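Chemist: Pasting a structure below so you can have a look.
The values are calculated or read from the model by the stated rules, or taken from the named source; none is laboratory data. Since the structure is predicted, the reported quantities are computational estimates derived from the model, not experimental observations. Using ideal geometry, Cβ is built from the backbone for each residue, glycine included, and neighbour counts are taken over all protein chains shown. Remember, those area values only see protein heavy atoms, side chains included, never the ligands or the DNA or RNA. Shrake-Rupley method; radii C 1.70, N 1.55, O 1.52, S 1.80 Å.
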Amino acid sequence: MVIGRFPESIVVIGAGMAGLVCTLELMKQGYNVRLFEATNRPGGRVYTMRDQFADGMYCEMGAAFIGAHHFLTLSYAQQAGVQLINLPVPNRRLTYINGRLIIDSPAEPARWPVSLTAEERNLGYAGILEKYLNPGLKATGNPFLPDWPTKQAIQLDSMTMEEYLKGQGASPGAIKLSEIGYMQMLGDGIRKVSALQRLLDLKMASSEGSAQTIAGGMDQLPKKLALTIGSNISYGCAATHIEHNNKGVTIQFTKSGEVFTIYCDRVIMAIPSTVLRTIHFSPPLTKEKNDAIQNQLSTSVTRTVVQSRTKFWKNLSSFTTVNTDLKIGWLYDATFTQTTSRRGLICSYSSGEAAREIARAGNLNAAVSEIKQVLPELSYNYEGAAVFSWDHNPYSRGAYAWYRPKQMIRMIPTLSAQQDSIYFAGDDTSLFPGWIEGAISSALRTVNQIIAGNSI
Ligand SMILES: Cc1cc2nc3c(=O)[nH]c(=O)nc-3n(C[C@H](O)[C@H](O)[C@H](O)COP(=O)(O)OP(=O)(O)OC[C@H]3O[C@@H](n4cnc5c(N)ncnc54)[C@H](O)[C@@H]3O)c2cc1C
């Protein structure tokens, strides 16, 4: 057993975006900070898969884009000096529904193969979303104002997204249409998720300006931040036990089978609740805190990536993404910013029960068959596939937090509260789980908690 001591120090656990930002900001304030990461790389759920494909191609398994209004993320991207590229805005929407590929555009509105009311048919896809979503988006209010949550926000948090849509008068056909694609990517879909969380997340996903991605892969951002932190990060160190009293905190880690212990004055747990619940705290966390950590749900996401000999889809009418009603969920060209190879990668993004099914051993072929069903030309171009399940990743045990009705407003203050010398960061403790912006805002909140209560 190795014993270390860093007097008057802060230990951060987890080198995802939250842990990296906590460490950087505390270092700037002159604290003695050490960052410990279980794996051998920084970034956590910002993970660019690089070793599975030919010609140096890569594919994002986690975070893939930054919204135009994600000001914190953009500010750290600028500090890190990474180059941003605008994502293309397709002029047509491709949807695979009831076994048919439907093309929809303002000039040629689609005839959707679902039963819609006469008004909904007139409105078309974009009009339907606008009519039914806009009142809810407005009713979420501004979570940064002191009077939040407002009565309306609390009301939205007491119903599922499906109940909200029905309350707005959406027909079953309109509900089916609206849930294909982005709306199904949170938790177990609109029938289960809190309307408040679903709508707040939609606000994060949509913005007036163009969304962006990082040239060369999203992992450039955490890698550059980690380089600034330098030798204050230790990789391959998984925290397992936290003992705390009025003298400080003792943290037990395992490193390649060896156990070692670090003493510090304060610790920041910058890891998801799904992993936090496997850590042994002595004395235990309060019952309220422990209940919130144990009960926080995490969205299942599985990505299946297919390598194709050519980018045959460049001949298709403006394919960059296709929303499907199949288990593969959303399909997109993962290599539209990668121009060095003739080859290409098509990535599918499945969530909820479909993601769990694909992740079960042996279901990769079923996912590939579905991708071929949508893009038949792939059969002649197929060169192999890779699959990645966030449920099966031991250091996230899921993709991002989701809430059933009446959980979100109640649980977030408990999840983000400090307990004695233990602080909690990570997108799970923010109002924006599933976003780097949420992870960074949680880190800045934690740094402020430390500075405000500073007696070091
Ligand atoms: C499929 C998917 C798609 C996404 N898409 C987007 C997107 O397009 N845009 C966007 O902005 N965001 C997106 N996100 C969300 C974004 O990736 C996360 O919000 C953000 O990366 C979370 O950062 P974090 O630091 O809170 O947690 P994490 O990234 O999970 O970091 C936690 C770190 O702690 C480490 N760790 C865990 N347990 C221990 C332990 N016991 N000891 C030591 N270390 C430990 C982990 O290895 C990890 O490195 C997506 C996420 C997923 C999964």
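Chemist: Looking at the chain only, what percent of DSSP beta bridges run antiparallel? Nearest 5 please.
Modeler: Of those bridges, close to 65 percent are antiparallel.
Chemist: Could you compute the net charge surrounding E108? Neighbours are other residues with a C-beta less than 15 Å from the C-beta of E108; K and R count +1, D and E count -1.
Modeler: +3
Chemist: Over 21 Å, how big is the tail of the calculated P(r) for segment 115-205, in percent of all Cα pairs?
Modeler: The calculated P(r) of segment 115-205 puts 28 percent of pairs beyond 21 Å.
Chemist: Rg to Rh ratio, segment 343-456, alpha-carbon atoms and Kirkwood radius?
Modeler: Rg divided by Rh gives 1.16.
Chemist: Sticking with this one: Which values of log₁₀ I(q)/I(0), to two decimal places, follow from the Debye formula for the chain at q = 0.06, 0.12, 0.14 Å⁻¹ with a uniform point scatterer at every Cα?
Modeler: -0.27, -1.06, -1.39
Chemist: Restricting to Cα pairs below 8 Å that are 6+ residues apart, what does the relative contact order work out to for the chain? Please round to a whole percent.
Modeler: The value is 23 percent.
Chemist: Relative to the compact-globule scaling 2.2 N^0.38 Å, provide the ratio for the alpha-carbon radius of gyration of segment 161-209.
Modeler: Relative to the rule-of-thumb radius for its length, segment 161-209 sits at 1.11.
Chemist: Follow-up question, since we're still on this one. If the cut-off is 19 Å between C-alpha atoms, which lysines fall inside it for K138, apart from same-chain ones fewer than 8 positions away?
Modeler: K151, K166, K203
Chemist: Taking amide hydrogens as modeled 1.01 Å from N in the peptide plane, which residues meet the under 5 Å criterion relative to S298, leaving out close sequence neighbours?
Modeler: Placed amide hydrogens put W402 under 5 Å from S298.
Chemist: Something else: Would you mind classifying segment 180-245 by shape? Square roots of the alpha carbon gyration tensor eigenvalues, ordered a ≥ b ≥ c; an a/c under 1.5 is rounded, otherwise it is prolate if a/b is larger than b/c and oblate if not.
Modeler: Oblate, since a/c reaches 1.5 and b/c is not below a/b.
Chemist: Now, a different point. Heavy atoms only, 1.4 Å probe, whole protein assembly: order E108, E370, E377 by accessible area, highest first.
Modeler: Of E108, E370, E377, the descending order of accessible area is E108, E377, E370.
Chemist: Kindly rank 210-216, 346-352 from highest to lowest mean number of other beta carbons found within 10 Å of each residue.
Modeler: 346-352, 210-216
Chemist: Calculate the all-directions average of the projected area of segment 231-363's alpha-carbon convex hull, and give it in nm².
Modeler: So the Cα hull casts an average projection of 13.3 nm².
Chemist: I would also like to ask the following. Leaving out same-chain residues fewer than 8 places away, which lysines sit with a Cα under 23 Å from that of K287?
Modeler: In chain and number order, the partners are K247, K406.
Chemist: Follow-up question, since we're still on this one. Determine the shape class of segment 1-145: with a ≥ b ≥ c the square roots of the Cα gyration tensor eigenvalues, call it rounded for a/c under 1.5, and otherwise prolate if a/b is greater than b/c, oblate otherwise.
Modeler: Cα axes put segment 1-145 in the prolate bin.
Chemist: Is it possible to state the helix-based mean residue ellipticity at 222 nm for the chain, with each DSSP H run of 4+ residues giving -39500 (n - 2.57), the sum divided by total residues, to the nearest 500 deg cm²/dmol? What is it?
Modeler: -9500 deg cm²/dmol
Chemist: Computed over the Cα atoms, what is the radius of gyration of segment 91-150 divided by 2.2 N^0.38 Å, N being its residue count?
Modeler: Working it through for segment 91-150, the quotient is 1.54.
Chemist: State the percent of C-alpha pairs, over all pairs in segment 217-273, separated by a distance greater than 17 angstrom.
Modeler: That tail contains 53 percent of the Cα-Cα pairs.
Chemist: 7 Å from Cα along Cα→Cβ at both E258 and S75: what's the point-to-point distance in nm?
Modeler: About 4.0 nm separates the two model spin labels.
Chemist: While we're on this one: Taking the Cα atoms of segment 380-431, what is the range of coordinates along each of the three principal axes, in descending order and whole Å?
Modeler: 58, 29, 15
Chemist: May I ask you to order 410-423, 431-444, 276-289, 322-335 by the average number of other C-beta atoms within 10 Å around their residues, highest value first?
Modeler: My ranking of the peptides, most packed first, is 431-444, 322-335, 410-423, 276-289.
Chemist: Could you tell me which of rounded, prolate or oblate describes segment 36-78, using a ≥ b ≥ c as the square roots of the eigenvalues of the alpha-carbon gyration tensor, with rounded for a/c under 1.5 and, failing that, prolate when a/b is larger than b/c and oblate otherwise?
Modeler: Since a/c reaches 1.5 but b/c is at least a/b, the shape of segment 36-78 is classed as oblate.
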